[in-house]
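Contents: one structure, followed by commentary.
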């Protein structure tokens, strides 16, 4: 990908890697479409397994600090994720936690409500589609005829990228909005002054509600929590006022409130605003204020209508929360 | 933030703390921590020499954060804040760790208590590191006072304030002054006339130019804050706006509805009357049955609706003595009538009351004890051959026998409840209600007149059941508190309020409804929530409800509290690590 740029500035060296991820973050980078020409005019992609045939050994061969920017997406679930995070940290000037999983733990982070044993049992024994009469479980070592085979070790706990290595910036989202990526990329290319280290980039300080054009009033009292399919959405009233849990109030803007525009409540992938330590706890406190009841039994009954509260409030943020995980 | 230079002071409290907590060991250990410039212990930190120690250290070592580990901050937080202020440091750069009430007084193991005290001190250090300077603010006091309730309590307070030369607005829901006392004949224990008492008060109130009385008036809404309250009254002819600096709630009592107590037969049996109905007979000097006959037997049933989980769990405090008063009045009026008291315990705690009880006991009345918890007397209509109207059945506890008592009139000593408008008044004035329905005081022991809303005082039976002297004492105490605030002219308002970060606020409106003081409004132009810092009490409800973190409660920010928790856990983590090591 060595194309030359017009103004003869040295081209940036860029890497993209995935830890425990679904691949959506990598695809979001491809989503720049024709702007990819601007990207490759200004940057050489030196490592990006989803798109380029580059190997671990190519990275290992690079001198320290060789890569200008690494977009690391995915959480740290196993020893390979961890090894690559450490390696890319060493080789990169700027390491960016790209997307919800690297930022806060993301969907894989919900695994922290279980441990390795429980997950393996479910996946390799009890799940309805599994046929495994010999009870074969993943192992890190296997002595095959051809020699020893190694697999990464699957950890009990999912970690965010910054729980393993030092991270320079965070770009939230599941996946991050491609326009935001371009803005950040062009800012680096143009040599703009970068924000304070450790800050969140490519997102606003204000929440989804600030942009959201649904009508919000002080009348936020609900007797019943609904799942989105259970209401006849009037398309204009705040989801919370219709009894649907929307994480917009506890979630940064920056995505252009796309889910809400599509008439689905916000699920919180852009993470918390700057001063929040635990967005799940914050949102639960806020939801508590909506409940239109005073008797403990009635309140409990209303709260019980929330399906999977842990997965709802901590959908993207469990490993980064105060809770971090269920006790093993 | 400047580099923290923290001074830590650990108090022995004589032997109160030092007998259970190794204060010297903590002092030493804390002294080695980062940012700790001074770490001392002293016999009595609250004493003048103790305070001087802090003041001279602040000056000498340029300390900018202070932690005192001593008793409850309820007792001495203000003492130390003042000392720190005297040394030229902002008083909010201070944190207190309670190692007496929360440690030495409640534990018996010196090693564990010392460890807990240490973690509380470390937590305080972690929190104080994040404290910010807060500036003092004052507001002027409007010298007028609003008093809700024109009974003996409201009128007494009104006169004390008005006679000092200040305006009083007295609000009465009825069309006349006097309240319950005006419906009573004589008072206990000295048998003086309640009528004379109350009539002279009504005269004084009516003739005082500083008191403006509003009859048939109810308060719907009160806005503002200490020093500057206002309300709009809807009068018959026109609306009227009142402005005042303080208020007293003296809304009084309501007798329990006797029909709600089924055993007792009120409404079913014509000669079963309530205490207040009997007072009317006494005022008229005419103790007769409904059929117009002089009664041969009168039964007085005590504790009707009081001290019983089914009705009111509390004691109504005045009924025992009122019942004895009736015994005396009946004995004088009808020397031959038999008087029976069905009582459960005789409570004669007031001045002159025990004496009153023993005198009354000698005047030919029969005292029969019933089991209040399980066996309230039941009343039924007497038969044709019985020589009385009503027969009461009860288990007499002292003799252990089931007995029947003949009666022509039965007097029910009905319990006192808070007035039915208490909820509406509480909401308007921004005060809380206790589980029994009475107004909640700021502190049950140390501040029973004030409420958690500055400038709002409570007096009389709206706070709890009480007799005339207690009601009058509270009335005069509330008046004195208000006169003090008027004479000072200004009041310091709470600094530990909530504050909105407009750069973060996402306009979700969550905070607006949760504020119990209506201190938050929405700025439609800026699209952010706004806290009125004068009304805000700093309760923190909004900051915990705010999902964006835009609202923080000053002096109790998430950062401060989380670092306090981290401080606490730092020690226990080490402790559990140590324990794990030992296990290995």
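The values are calculated or read from the model by the stated rules, or taken from the named source; none is laboratory data. Being a predicted model, the structure only gives us computed values, none of them experimental. In this analysis, Cβ positions are derived from the backbone assuming ideal geometry, glycine residues included, and neighbour counts consider all displayed protein chains.
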* Asked: Any idea which of (1) out of contact with any strand residue (DSSP E or B) (no Cβ under 7 Å at 6 or more places or on another chain); (2) outside any helix (DSSP H, G or I) is the one residue B:39 doesn't satisfy?
  -> (1)
* To do: Name, by its number, the condition in (1) more than 23 Å from residue B:525 (Cα to Cα); (2) within 12 Å of another protein chain (Cβ to nearest Cβ) that does not hold for residue A:216.
  => (1)
* Read through the list (1) touching a helix residue (DSSP H, G or I) at 6+ places or on another chain (Cβ under 9 Å); (2) touching a residue at least 12 places away in the same chain (Cβ under 8 Å), then give the number of the only condition that residue B:267 fails. => (2)
* To do: Counting only residues that are under 17 Å from residue A:250 (Cβ atoms), at pLDDT 90 or above and over 25 Å from the mean Cα position of the chain (by Cα), give me the strands (runs of 3 or more DSSP E) lying completely in segment B:497-558 with at least 1 of them.
  => B:498-500, B:528-531, B:551-553
* To do: Look at segment A:205-242 and say how many of its residues are in a loop (DSSP other than H, G, I, E, B) and under 22 Å from the mean Cα position of the chain (by Cα).
  => 3
* Candidate set from segment B:424-444 (those that are farther than 19 Å from residue B:539 by Cα and in a helix (DSSP H, G or I)); member that is modelled with the highest pLDDT -> B:425
* Asked: Inside segment A:250-328, counting only helices (runs of 4 or more DSSP H) that do not spill past its ends, which hold 1 or more residues that are within 17 Å of residue A:222 (Cα to Cα) and within 13 Å of chain B (Cβ to nearest Cβ)?
  -> A:279-288
* Structure fact -> Within segment B:65-90, restricting to residues that are assigned to a loop (DSSP other than H, G, I, E, B) and surrounded by fewer than 21 Cβ atoms within 10 Å (Cβ to Cβ), the one that is nearest to the chain's Cα centre (by Cα) is B:72
* So is residue A:202 more than 8 Å from chain B (Cβ to nearest Cβ), surrounded by fewer than 22 Cβ atoms within 10 Å (Cβ to Cβ), part of a loop (DSSP other than H, G, I, E, B) and at positive phi or not? -> no
* Given the conditions (1) loosely packed, with under 14 Cβ neighbours inside 10 Å; (2) within 26 Å of residue A:94 (Cα to Cα), and given that residue A:217 satisfies all but one, which numbered condition is not satisfied? -> (2)
* Among the candidates B:300, B:261, single out the residue that is within 14 Å of residue B:414 (Cβ to Cβ), in contact with a strand residue (DSSP E or B) (Cβ under 9 Å, 6 or more places away or on another chain) and modelled with pLDDT under 95. => B:261
* List the strands (runs of 3 or more DSSP E) that sit entirely inside segment B:317-399 and contain at least 1 residues that are touching a residue at least 60 places away in the same chain (Cβ under 8 Å), touching a strand residue (DSSP E or B) at 6+ places or on another chain (Cβ under 6 Å) and within 18 Å of residue B:303 (Cα to Cα). => B:338-343, B:378-381, B:390-396
* Of the conditions (1) on the phi > 0 side of the Ramachandran plot; (2) crowded, with 20+ Cβ neighbours inside 10 Å; (3) more than 17 Å from the chain's Cα centre (by Cα), residue A:282 clears all except one; give me its number. => (1)
* Can you tell me which residues in segment B:168-207 are free of Cβ contacts under 8 Å to residues at least 60 places away in the same chain and assigned to a loop (DSSP other than H, G, I, E, B)? -> B:172, B:174, B:175, B:176, B:177, B:178, B:192
* Structure fact -> Of the conditions (1) surrounded by fewer than 17 Cβ atoms within 10 Å (Cβ to Cβ); (2) at pLDDT 95 or above; (3) closer than 26 Å to residue B:297 by Cα, the single one that residue B:469 does not satisfy is (3)
* Do we find that residue B:542 is touching a helix residue (DSSP H, G or I) at 6+ places or on another chain (Cβ under 7 Å), surrounded by 20 or more Cβ atoms within 10 Å (Cβ to Cβ) and within 12 Å of chain A (Cβ to nearest Cβ) in this structure? -> yes
* Which residue, of B:208, B:223, B:216, is under 25 Å from residue B:457 (Cα atoms) and touching a helix residue (DSSP H, G or I) at 6+ places or on another chain (Cβ under 7 Å)? -> B:208
* Asked: When you scan segment A:227-264, how many residues do you find that are surrounded by fewer than 21 Cβ atoms within 10 Å (Cβ to Cβ), under 19 Å from residue A:310 (Cβ atoms) and touching a helix residue (DSSP H, G or I) at 6+ places or on another chain (Cβ under 8 Å)?
  -> 1
* Those residues that are within 10 Å of chain A (Cβ to nearest Cβ) and in contact (Cβ under 8 Å) with a residue 60 or more places away in the chain, I need them from segment B:545-560; list them, please. => B:557, B:559
